[in-house]
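A short write-up of the structure that comes next.
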Amino acid sequence: MSVAFVLRMPLGQVRCDIPRNMGAILFKFSNAPHEAACRASFLAWPTAQTRLSAPIRDSGATIGQPRREGMMLRRSDESDATTMPTSACSTASNFSIAPTTAGDFPLTSVQSSKRSPTVLTAKSLQTASEPRELMLVEHTDVPQLLRRTHIRSGYRPLNQSVRYYLASAFKLHNEVVNFWTHLLPLAFIYARYIHPELFFEPQPRWQLLILYSGISILFVASSMTHLLHSRSQLDHVFWLLIDFSGILTFSLCVGIQRLSMRENSSAVFNYLYLSSLVFVSYLQYWSTSFLFVLKHSWKPRHLIRLITCLACGIWPYIPLASRYFYQSTETVDVGLTYHSNALFWLLLSGIFMGANIPECFAPGVFDYFCYGHQLFHLCVFMVTWNLCEAAHYDASLVDLSKSDGLYGVAMNTLLGNVLAVGATIWLLVECAKSKIDEKKHL
Ligand SMILES: [Zn+2]
């Protein structure tokens with residue numbers, strides 16, 4: 001049992017719970033956006049280096065939704081905690097007392113310096129609409145689903161506003177490098193290849209634009225995923241599915257581009273290859289996505305993902321097979337060298353991604369910089385750069401008008417891909433919702 005002081009304010013209703021043992025002081029804000037409430041709580045302890053050591057944990061029923069009901073904060077420094085909220089509430093003129101029990105929400109702890117607390121006033125609550133600094137939490141303070149292997153710190157707290165996560169692109173945390181290592185390459189690819197193709201070529205080549213589109217979708221999906229996936233477990237699922245969809249689209253686009261630049265390609269080969277490309281790409285996409293949502297703890301899923309990803313990475317090389325087998329020993333096929341470089345970087349990226357190198361050797365050391373996923377991103381950038389160079393070079397040697405008959409099939413394939421991806425994401429997000437509602441761990 002504890003005593004609750006309820007303070008009615010323009011921003012909403014503030015409840016100050018004081019448990020009998022005074023070991024923790026709880027604030028609960030209602031009728032206000034949860035992010036404003038959280039920050040207002042921090043203003044109650046305005047320290048130079050206030051740091052949220054644990055996030056507002058998902059209670060299950062509200063995962064993926066802004067927490068309208070409110071939040072509770074607990075101060076880990078008990079000696080200070082016994083004085084501050086009492087004085088805060090005692091200055092207010094409009095409060096009521098009601099018995100309550102603490103425990104309807106998981107608690108959040110705050111570590112702060114020993115500075116004296118500030119009185120919580122209506123004015124301070126009203127001005128607390130935006131965070132002054134990014135508050136980071138430890139890996140133990142986020143759900144298992146959101147933890148990175150061997151990454152111990154630098155996590156953003158859950159259940160903040162979308163604007164909070166968008167703004168975190170300019171703050172230091174353990175996803176910010178992942179964001180920029182795919183957004184900056186997108187800018188480079190645009191400036192180096194897409195813009196000249198669109199504005200300086202007399203007739204933009206659809207074969208190249210398909211490749212550039214696939215790369216752009218891959219980078220945009222990945223960047224936004226790393227920026228927004230930390231909001232909740234459901235957001236994590238949704239954005240990871242977006243990321244997987246970007247990889248799928250990228251694979252299809254690479255395969256179609258290479259097929260469209262294949263010399264003397266027969267209609268039968270085109271049909272068989274395109275069908276098999278779609279099959280292999282979707283085998284990888286669906287196995288990864290469905291197992292991620294429905295069998296997240298099933299260990300063989302990682303092996304299945306590795307095999308299907310490998311198949312998906314190699315399949316786009318089939319249209320190049322004849323060039324590998326029959327290349328001249330006297331002249332160098334420059335385009336093929338770029339294609340081979342792309343495969344090398346792709347395999348290297350898989351090692352960084354799958355083995356979590358180097359953070360596996362020193363957990364907690366690479367939390368912000370140079371951990372495996374960031375190196376994976378850099379390798380993916382090298383893959384795309386080599387792909388663009390290869391396509392650009394090949395396009396200068398091949399009569400592209402011969403593959404114009406593939407244009408309609410290619411467009412239909414990509415349109416069907418949009419529909420299939422949309423249906424898959426919708427289905428799996430619904431599955432994830434029901435699993436989270438049942439309080440099952442993904
Ligand atoms: Zn990534």
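Scanning the range 206-229 for residues that are more than 13 Å from the ligand (Cβ to nearest atom) and among the polar types (S, T, N, Q), which turns out farthest from residue 182 (Cα to Cα)? Out of the qualifying residues, it is 207.
Considering only the range 179-205, how many residues are away from the ligand (no atom under 16 Å from the Cβ) and either in contact (Cβ under 8 Å) with a residue 40 or more places away in the chain or out of contact with any Pro (no Cβ under 6 Å at 6 or more places or on another chain) (or both)? So that I can check it myself, show each step before the final result.
First, the residues of the range 179-205 that are away from the ligand (no atom under 16 Å from the Cβ): 187-205.
Remaining after also requiring either in contact (Cβ under 8 Å) with a residue 40 or more places away in the chain or out of contact with any Pro (no Cβ under 6 Å at 6 or more places or on another chain) (or both): 187-196, 199-205.
The number of residues fulfilling the criteria is 17.
As for the range 401-421, it holds no residue that is closer than 27 Å to residue 190 by Cβ and part of a loop (DSSP other than H, G, I, E, B).
Quick check on residue 360: is it surrounded by 15 or more Cβ atoms within 10 Å (Cβ to Cβ) and either among the hydrophobic types (A, V, I, L, M, F, W, C) or outside any helix (DSSP H, G or I) (or both)?
Numbers: surrounded by 15 or more Cβ atoms within 10 Å (Cβ to Cβ): no; either among the hydrophobic types (A, V, I, L, M, F, W, C) or outside any helix (DSSP H, G or I) (or both): yes.
So residue 360 fails the test.
In the same structural domain as residue 286 (by TED's automatic domain parsing) and surrounded by fewer than 19 Cβ atoms within 10 Å (Cβ to Cβ), is that true of residue 430? So residue 430 passes the test.
Once the range 254-273 is narrowed to residues that are under 20 Å from residue 394 (Cα atoms) and hydrophobic (A, V, I, L, M, F, W, C), the residue that is surrounded by the fewest Cβ atoms within 10 Å (Cβ to Cβ) is 269. Quick check: is even one residue across the range 345-364 away from the ligand (no atom under 16 Å from the Cβ) and among the charged types (D, E, K, R)? The answer is no, given that none of the residues of the range 345-364 is away from the ligand (no atom under 16 Å from the Cβ) and among the charged types (D, E, K, R). Between 352, 344, the distinction of being in a helix (DSSP H, G or I), modelled with pLDDT of 95 or more and not charged (D, E, K, R) belongs to 344 only.
The values are calculated or read from the model by the stated rules, or taken from the named source; none is laboratory data. Here the structure is a predicted model, which is why all the values come from computation and not from measurement. Neighbour counts run over all protein chains shown; Cβ positions are idealised from the backbone, glycine included.
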